[in-house]
Ligand SMILES: [Zn+2]
Ligand SMILES: [Zn+2]
């Protein structure tokens, strides 16, 4: 599927071809910390299927518990997460689904790092729900 993405301020724009079956939720503690949220949704795009259209993301190289290094790309102006990839010899870009225009159609097909998932996630469908910002 063809997807387009942009950061919140619009300085960075990109496009990719992705496989809908590869959309996944990550519950790792690094994703929780870096997003400031409870989990992250990602979809991989091969290098040949990923194209930056505007802007140049800033990067941060994080070192995982295992010692593996992952380059995190984000907008240096508004902070939106764009992708993660290897530090060198980049072949696959893990796109952040929240920044893709088609995110409503990108339904997660699996979850990883479930050991660190928030224990309350299964209960959110029972919470009081308001359509927009409550007044
Ligand atoms: Zn931005
Ligand atoms: Zn993660």
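Scanning the range 64-72 for any residue that is away from ligand 1 (no atom under 16 Å from the Cβ), closer than 29 Å to residue 120 by Cα and either at pLDDT 95 or above or in contact with a strand residue (DSSP E or B) (Cβ under 6 Å, 6 or more places away or on another chain) (or both) turns up at least one such residue.
Put simply, of 55, 94 the only residue that is within 15 Å of ligand 1 (Cβ to nearest atom), touching a residue at least 12 places away in the same chain (Cβ under 8 Å) and in contact with a strand residue (DSSP E or B) (Cβ under 9 Å, 6 or more places away or on another chain) is 55.
Within the range 5-48, being assigned to a helix (DSSP H, G or I) and within 26 Å of residue 77 (Cα to Cα) holds for 29, 30, 31, 32, 33, 34, 35, 47. Of the numbered criteria (1) surrounded by 12 or more Cβ atoms within 10 Å (Cβ to Cβ); (2) over 26 Å from residue 9 (Cβ atoms), the one residue 90 fails is (2). Mind checking which residues of the range 12-34 are under 17 Å from residue 120 (Cβ atoms) and surrounded by fewer than 18 Cβ atoms within 10 Å (Cβ to Cβ)? Residue satisfying the conditions is 29 alone.
The values are calculated or read from the model by the stated rules, or taken from the named source; none is laboratory data. Just so you know, these numbers come straight off a predicted model, no measurement behind them. Glycine gets a Cβ as well: all are built from the backbone with ideal geometry, and neighbour counts include every protein chain shown.
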